[in-house]
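The values are calculated or read from the model by the stated rules, or taken from the named source; none is laboratory data. A quick note: this is a predicted structure, and the numbers were derived from the prediction, not measured. Heads up, the Cβs are rebuilt from the backbone with ideal geometry, glycines too, and the neighbour counts pull from every protein chain shown.
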Amino acid sequence: MTLYRFLRKSRIIIASLIFILVFIIFNDLYEWIPSGIARTVLSFQFVPSLLTFLATFSLIAGGGFLLILLITLITGRVYCSIICPLGIMQDIINRISRYTSKKKRFFRFKKEYPVLRYTFLGIMIIALITGLGWITVWLDPYSIMGRAFTYLLKPLITWGNNMVAVPLFHSMNIYSFFHHTLLHPYVLPVILSLAITVAIGYFAWKRGRLFCNTICPVGTLLGIASRFSFFRVRFDRNKCTRCGKCAAICKSECINIKNYSVDNSRCVVCFNCLDVCPEAALSLRPPLKPAKTKSYLRTAEAAQESVGSHDSNRRKILLTFLAFLVGNRIYALKKNRMPENQKDLLINEKEHPVAPPGAGTIERFNNICTGCSLCVSACPTGVLQPALTEYGLAGFMQPHMDYLTNYCNFDCTKCGDVCPTEAILPLSLEDKHITQIGKAFFVKQNCIVFTDETDCGACSEHCPTKAVKMVPYKNGLLIPEVEQAICVGCGACEHACPVGAPFKAIYVDGNAVQQFAEKPVVKELKQQGPEEDFPF
Amino acid sequence: MKRRDFIVKGAGIGLAGALISNFGGLSAVGMTAEEGQYDLVAVRGGEAVDMFDKAMEALGGMGKFVKSGQKVVVKPNIGWDAPPERAANTNPQLIARIVKSCFEAGASQVVVFDHTCDQWNRCYSNSKIEESARNAGARVVQGDDESFYNEVSVPDGKSLKKTKVHKEVLNADVLINVPILKNHNSTTVSLAMKNLMGVVWDRRYYHSNDLSQCIADFITYRKPDLNIIDGYRMLTRNGPRGVSTADVSDLKALIAGRDIVAVDAAATLMFGSDPKDINHIRIANEMGLGTMDLNKLSINRIKMG
């Protein structure tokens, strides 16, 4: 085996392993993967790592991106070939495309689209610097792949688990497998992920790494770095016979045999051309003489002005339209159709959505989160759901605490444990117990005890700190009372409240700035010992 | 022998027994009732498992309730993600002992489950019930998906006319109800009747349609064959979930009997409240689903240790 064949095979093996690992992390139905391993694996994803660095200024926590830049400066964009899950997915799709195609398929050299490339890079840089998380969400390749895993593949895995694994293992008396909730409560994130994945998949099928070399800002940035990289794919004009095998196999469409050049900014160092070249005219080697470089920054800025504003406007219009679809109007209509005895109910006016525990402030969270949805996938109760209109434009598709779906388990810290960007900071269990992500508000007018004069108390029942307690009302009935100082905003009360949303008798309004709640005061208990008698 | 048969067959004896039982304190004072013919057994001062053994002895053994080849459902309270010391869930050793005892009586299978409030798998594992029940040979099943439930009608219910009940309960020959004795912020106590909210799917319907009436209504559909109230640890406040072990009292008690209203009434008295003040117990009593008048019953009071 030649060196390049060995490198190519190694590339395929490593990429497959990393893809499978990330896939497992996103589909960890049984919480088998320790959170530390998930974090370590994902700490080499470029954008999450960069955001972690910006959040913590720690090279230990967020130095992965520097390492990737360094590697790119040495050997080029290996990141795109073996670490980026979206890149690997495109390779898989392209490989299938070539295997299944009846006639042999060839790539051909194509010119790059510099305006698009540097526009997207410019937008991404501005988004990262000014904290426009909602743009990062759509451009970060890892997060795009994360959403595909969470919203498209996880339901399939869950289905397989429920239909095949559970019955099979249970019949063998192995009970560590169990039924999982299959359907996602919201369909819009699924549709959006599907649309994006299909689009990228289509281009991968037809044109290989077109997405990576046109839209992906990480690809473009590493592309700039790889123009200067030490080892590059280079031609030996004396050996080359212009057979064209290299160009035909190049999924980046970046080998120009006419003038013996490789566009290293688009090359993802897959070793395919090196392996296929019969004359060994291509090699990965240091320069024989210093390479000339061009500045592309001016192009980027110019392109930014012409295309950027138009593009983001269109996105805004689209999002506003979607917001109208799911906004308050539906509630208004719903209220008109309500039975007579419920007409007096008050609508829950929430000032802020509830961000996951460890988000710090909503603003900070919106700035950093890339919407990769790993926390949504990992959340054992499903309370974390992608936001539609809750955060406004700033946090579209970022996770929020959706108390209609479930409530936050008091003793769980999973989301902060897995978050690869530190948008959700990891919390110790002690800190989690007093982290107040919102406060409960009681609406007496909506409460069953008030409207029906019957027992209820579902809210107080579920409250982990007893911030919601039942106090005497009338006719021996008890009615809820909230002590906000010890409320952590877990949403158990809101979820349990039997009154239909948005007329819950108790709801949690998010804290724009998360804070520590007071610990519940523990009173001495008058012990009733076993030596006492029977009271009957 | 059922309570009604007992009264019919031996009204005089029964009355005498009930009167004597009023003096209380003397163990096994209702001696007019032969071994195995008590309506209710209350035990204090032992370990959970030993108290159960004593109680079953007094009730005539598990064979009175479980016949050979029958399918049994044991329904503990596993509602909360809390360890046994917090007394939010039924004692795991007690559940294991009950499961074993069912098998000893010839049960073909024993199923344990609950429709939990907190995340179900954490409840099952942190309560230690999943592990101990499974080790005792029970089949521990999930209760967290609507597909596990079938709709039944409740013809005699006032507020609850129909509800979805877990298939395992519908398929069971014997239902053994094993709640823990605890405080409940809304219904004051959560005992045997309240524990059966864990075999239905839609609890929200209960809460929005007169909770106490619905709790009583369900008993018209299915009375458990045996109720065992675990009072080894008692959650005295902040129930039903509890906040910390500071809410727990070491009561070391156990109450068992067929009459779900009577065991609830007895446990309520132990908790320190009056059964008349507990709406669902009062309603069930009025509907004739059992009696909360303990004077009508032959009670065996056993003190251990």
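For the reader, a short list of remarks on this structure follows.
- Scanning region B:72-82 turns up at least one residue that is of a type in the set (A, V, I, L, M, F, W, C) and farther than 25 Å from B:Asn171 by Cα.
- Checking A:Phe53 against (1) out of contact with any Lys or Arg (no Cβ under 8 Å at 6 or more places or on another chain); (2) free of Cβ contacts under 8 Å to residues at least 60 places away in the same chain; (3) in a helix (DSSP H, G or I); (4) under 25 Å from A:Arg209 (Cα atoms), the condition it does not meet: (4)
- Residues in region B:244-273 that are polar (S, T, N, Q) and more than 9 Å from every other protein chain (Cβ to nearest Cβ): B:Thr245, B:Thr268, B:Ser273.
- Check on A:Thr241, of a type in the set (S, T, N, Q) and at pLDDT 95 or above: no
- Residues (closer than 23 Å to A:Val115 by Cα and surrounded by fewer than 19 Cβ atoms within 10 Å (Cβ to Cβ)) located in region A:182-200: A:Ile196, A:Ala199
- Number of positions in region A:113-142 that are among the polar types (S, T, N, Q) and either surrounded by fewer than 24 Cβ atoms within 10 Å (Cβ to Cβ) or part of a loop (DSSP other than H, G, I, E, B) (or both): 1
- Qualifying residue in region B:169-177 (condition: within 14 Å of another protein chain (Cβ to nearest Cβ) and touching a helix residue (DSSP H, G or I) at 6+ places or on another chain (Cβ under 8 Å)): no
- Answer from A:Pro480, A:Pro464 - the residue that is within 22 Å of B:Ala246 (Cβ to Cβ) and either in contact (Cβ under 8 Å) with a residue 40 or more places away in the chain or within 12 Å of another protein chain (Cβ to nearest Cβ) (or both): A:Pro464
- When residues of region A:467-477 are limited to those that are in contact (Cβ under 8 Å) with a residue 24 or more places away in the chain and either assigned to a strand (DSSP E or B) or farther than 17 Å from A:Val522 by Cα (or both), the one farthest from the other protein chains (Cβ to nearest Cβ): A:Tyr473
- Listed by position, the helices (runs of 4 or more DSSP H) enclosed by region A:362-430 that each have at least 3 residues that are under 19 Å from A:Leu188 (Cα atoms) and not basic (Lys, Arg) are A:374-378.
- Helices (runs of 4 or more DSSP H) fully within region B:174-273 that include at least 3 residues being among the charged types (D, E, K, R) and on the phi < 0 side of the Ramachandran plot: none found.
- Being surrounded by 18 or more Cβ atoms within 10 Å (Cβ to Cβ), within 22 Å of A:Ala517 (Cα to Cα) and within 12 Å of chain B (Cβ to nearest Cβ) is a property that A:Ile486 has.
- Looking only at residues in region B:104-157 that are within 12 Å of chain A (Cβ to nearest Cβ) and of a type in the set (Asp, Glu), the one that is surrounded by the most Cβ atoms within 10 Å (Cβ to Cβ) is B:Asp118.
- Cβ-Cβ distances below 9 Å connect the following pairs, each with a first residue in region B:290-305 that is assigned to a helix (DSSP H, G or I), a second residue that is among the hydrophobic types (A, V, I, L, M, F, W, C) and crowded, with 24+ Cβ neighbours inside 10 Å, and a separation of six or more residues or different chains: B:Leu294/B:Leu40; B:Leu294/B:Ala262; B:Leu294/B:Ala265; B:Leu294/B:Ala266; B:Lys296/B:Ala262.
- Selection count, region B:274-289, where residues are part of a loop (DSSP other than H, G, I, E, B) and either within 12 Å of chain A (Cβ to nearest Cβ) or touching a helix residue (DSSP H, G or I) at 6+ places or on another chain (Cβ under 8 Å) (or both): 4
- Residue satisfying all of: in region A:446-461; assigned to a loop (DSSP other than H, G, I, E, B) and surrounded by fewer than 24 Cβ atoms within 10 Å (Cβ to Cβ); nearest to the other protein chains (Cβ to nearest Cβ) among these: A:Thr454
- Taking residues in region A:1-25 that are assigned to a helix (DSSP H, G or I), and partners anywhere that are of a type in the set (Phe, Trp, Tyr), the pairs with Cβ atoms closer than 7 Å and at least 6 places apart or on different chains are A:Tyr4/A:Phe271; A:Leu7/A:Phe271; A:Arg8/A:Phe271; A:Arg11/A:Phe271; A:Phe23/A:Phe149.
- All conditions in (1) within 19 Å of A:Gly76 (Cα to Cα); (2) at pLDDT 90 or above hold for A:Lys292, with the sole exception of (2).
- B:Arg241 surrounded by fewer than 20 Cβ atoms within 10 Å (Cβ to Cβ) and at the interface with chain A (Cβ under 7 Å from one of its Cβ atoms): no
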